[in-house]
Amino acid sequence: MSRLAWGGLGVLFATVGFGVYWSTMQMMSWLVWGSIGVLLGAVGLGVYWSRDGFDPESIRGATVVITGCSSGIGEEMAYQYARLGAKILIAARRENRLKEVVAKAKSLGAQEAHYVAGDMGKAEDCERTIQTAKEKFGRLDYLVLNHAGSSFGSISTWAEDFRFWEDNPDMDFFVDFMNVNLISYVRLASLALPLLKEGGGHIVVMSSYAGKIPTMSYSPANAVQFAQDGFFSCLRAELKKAGRNVSVTLAVLSMVRTEATEKMLKKIPGGEDMLAYAAPVDQTAQAVIRGGATRAREIYYPFYQSWPISNIRRLPAFLEDYLIQDALAM
Ligand SMILES: *[C@@H]1O[C@H](CO)[C@@H](O)[C@H](O)[C@H]1NC(C)=O
């Protein structure tokens, strides 16, 4: 079992244990001992967590393909892989931005930095991306699937303008959104698999808690992210069963303070307050890089937000309904 599963079980048992103490004993001394126990458990867990066995040297010379690199977490990941001495190939639509990111990545220490300007919603651009990796590197250690978008505008714009699906059941948007954000992920992974299998590679899929619980006003994003979890969890199991040394890491993020998120939140009431809880981009990128390198099945970041929210559906239905329809709704 993974660190995360053991950690999750630990938290669960600690919470249940504490609840049992609380309700049956109802005595101050038990409360005090219980609190100390939980505290020690949390500290122990924290220490255990921080020792994920990540070796920064393992990234030196590693070959990395990252999609969606013109801004946000993808851009930051490119810089962090560069600092660790990786060889990177980045892909996005805007060529002028890609040139800038490549130049900066080189100055930060990337052993090599290349780009492919392309639209991942197009099969031929996916093919060109992996083909270029093959030609430039001859092998592939990391495939980081990070791009998000639609030729019809972004999901955040969609959610701002049209709150609920029934108010704007836009099938053209939905089909395009699935194509860019789901089908291309499967396509890129399939194209890269032969290269990844050669050297014990890693697939990293960027997702969020919207792939674990329904978040109102984002149903197309929920559809994509639940499907990413379904497909890539199945791929992970099949690769393992077949004895392939290719890991699949699902990054379950909470809100991250990218420029796009800031712009979106500033437009909605109460959004500015929510920004205070958004995770810094650099720390998020680092957590994902560590998770990929240590072959974690899933990483939740920031854990204290993403993990509890992701498990809301395990609660009794009335609690799930309250949290999803009232507490979490924007
Ligand atoms: C799997 O690949 C990694 C490189 O990513 C390597 O260090 C490890 O030894 C490989 N494991 C097996 C069982 O081949």
Inset, instruction - Please name whichever of PHE137, THR284, GLY17 sits farthest to the positive end of the charge dipole of the chain, dipole taken about the Cα centre and charges placed at Cβ: Lys and Arg +1, Asp and Glu -1. - result: PHE137
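Percent of accessible area on the chain owned by carbon and sulfur, 1.4 Å probe? Could you put the intermediate results ahead of the total?
Details: 9600 of 16540 Å².
For the chain, the apolar C and S fraction of the accessible surface comes to 58 percent.
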Inset, instruction - Could you give the size of the charge dipole of segment 112-157 about its Cα centre, using +1 on the Cβ of each K and R and -1 on the Cβ of each D and E, expressed in debye and rounded to the nearest 20? - result: 40 debye
Inset, instruction - With a bin width of 10 angstrom, please list the P(r) values of segment 97-208 as percents of all Cα-Cα pairs, from the 0 bin to the one holding the largest distance. - result: 13, 37, 32, 14, 5
Legend entry - Dipole-positive endmost among ASN311, ALA223, CYS69 within segment 55-327 (Cβ charges, Cα centre): CYS69
Legend entry - Cα-based reach from LYS136 at 26 Å (exclusive), listing lysines while leaving out same-chain residues under 8 positions away: LYS87, LYS99, LYS104, LYS106, LYS122, LYS197
Legend entry - Separation of the VAL43 and TRP22 label points, Cα + 7 Å toward Cβ, nm: 2.2 nm
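Based on DSSP loop calls and a cut-off of at most 13 other Cβ atoms within 10 Å, the longest stretch of the chain free of exposed chymotrypsin sites (Phe, Trp or Tyr not before Pro) is what? Don't jump to the answer; show the numbers that get you there.
Working: sites that count: PHE164, TYR277.
Of all site-free stretches, the longest is 1-163.
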Inset, instruction - List the GluC sites (Glu not before Pro) within segment 121-172 that fall in a DSSP loop (any state other than H, G, I, E or B) and whose Cβ has at most 16 other Cβ atoms within 10 Å. - result: none
Legend entry - Segment LEU12-ASP282, extension gain: residue separation times 0.36 nm, minus the distance between their alpha carbons: 94.2 nm
Legend entry - Projected label distance in nm at LYS122 and ASN96, using a 7 Å step from Cα toward the beta-carbon: 1.9 nm
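Skip the ligands, DNA and RNA, and give the accessible area per residue of the chain with a 1.4 Å probe, whole Å². Each step should come with its number before you reach the end.
Numbers: 16540 Å² over 330 residues.
Solvent-accessible surface per residue comes out at 50 Å².
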Legend entry - Translational diffusion of the chain, µm² s⁻¹ [Kirkwood Rh, Cα pairs; Stokes-Einstein; 20 °C; 1.002 mPa s]: 102 µm²/s
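Work out the length of the dipole vector of the chain about its Cα centre, built from +1 on the beta-carbon of each Lys and Arg and -1 on the beta-carbon of each Asp and Glu, and round it to the nearest 20 debye.
Details: 33 positive and 33 negative charges, 256 e Å.
Roughly 1220 debye for the chain.
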Inset, instruction - Would you pull out the residues with amide H under 5 Å of VAL144's amide H, same chain only if 5 or more places away, H placed 1.01 Å from N? - result: VAL65, ILE66, THR67, VAL204
Legend entry - Cα gyration tensor, segment 21-179 - rounded (a/c under 1.5), prolate or oblate: oblate
Legend entry - Three-way shape call for segment 263-319 based on the alpha-carbon gyration tensor, with the a/c threshold at 1.5: oblate
Inset, instruction - Starting from the Kirkwood radius over alpha-carbon pairs of segment 147-282, derive D by Stokes-Einstein at 10 °C in a medium of 1.306 mPa s and give it in µm² s⁻¹. - result: 97 µm²/s
Legend entry - Span-rule helices in the chain, defined as complete DSSP H runs reaching 15 Å or more along the axis (Cα) with Kyte mean at least -1.0: 3-25, 28-50, 72-83, 95-108, 184-198, 219-241, 281-293
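The values are calculated or read from the model by the stated rules, or taken from the named source; none is laboratory data. Here the structure is a predicted model, which means the values were calculated and not measured. Neighbour counts run over all protein chains shown; Cβ positions are idealised from the backbone, glycine included. Note: areas computed on protein heavy atoms with side chains; ligands, DNA, RNA excluded. Shrake-Rupley method; radii C 1.70, N 1.55, O 1.52, S 1.80 Å.
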